[in-house]
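What follows is a single structure, written as structure tokens, with notes after it.
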Amino acid sequence: RGSMSRRGNCYDNAFVETFFKTIKSELLWNQNFLSEKHLKFEIFEYIESWYNRKRIHSSLDNKSPLEYELSALSA
């Protein structure tokens, strides 16, 4: 069952749920991590090196978040 925010609030958890689905399928699926510290490092690297800098997002005009932010600043 989908999660929703309180009544009258138009926001829900769709963005977060999509992010967790993505990180599970792109990073965590079929991986074995040596320790919790290793897992945290890999998640940090995934978000900072790949997800925010290089991964194309269709909701951002097929740009990475970094490219989208830079183009918004220059506009």
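The values are calculated or read from the model by the stated rules, or taken from the named source; none is laboratory data. All values reported here derive from a predicted model rather than from experimental measurement. Neighbour counts run over all protein chains shown; Cβ positions are idealised from the backbone, glycine included.
Of everything in segment 22-39 that is of a type outside the set (Ser, Thr, Tyr) and surrounded by 13 or more Cβ atoms within 10 Å (Cβ to Cβ), the residue that is nearest to residue 52 (Cα to Cα) is 23. The number of residues in segment 27-49 being polar (S, T, N, Q) and part of a helix (DSSP H, G or I) comes to 1. Taking first residues from segment 43-65 that are within 17 Å of residue 15 (Cβ to Cβ) and of a type in the set (S, T, N, Q) and partners that are modelled with pLDDT under 95 and part of a helix (DSSP H, G or I), the Cβ contacts under 7 Å between residues at least 6 apart in sequence or on separate chains come to 52/65; 52/66. When 63, 24 are screened for being touching a Ser or Thr at 6+ places or on another chain (Cβ under 8 Å), modelled with pLDDT of 85 or more and of a type outside the set (Val, Ile, Thr), only 63 passes. Suppose we keep only residues that are over 14 Å from residue 52 (Cα atoms) and in a helix (DSSP H, G or I) within segment 8-19. Which one would you say is modelled with the lowest pLDDT? Looking at the filtered set, the residue picked out is 14.
When residue 2 is tested against (1) at pLDDT below 90; (2) in a helix (DSSP H, G or I), just one condition goes unmet, and that condition is (2).
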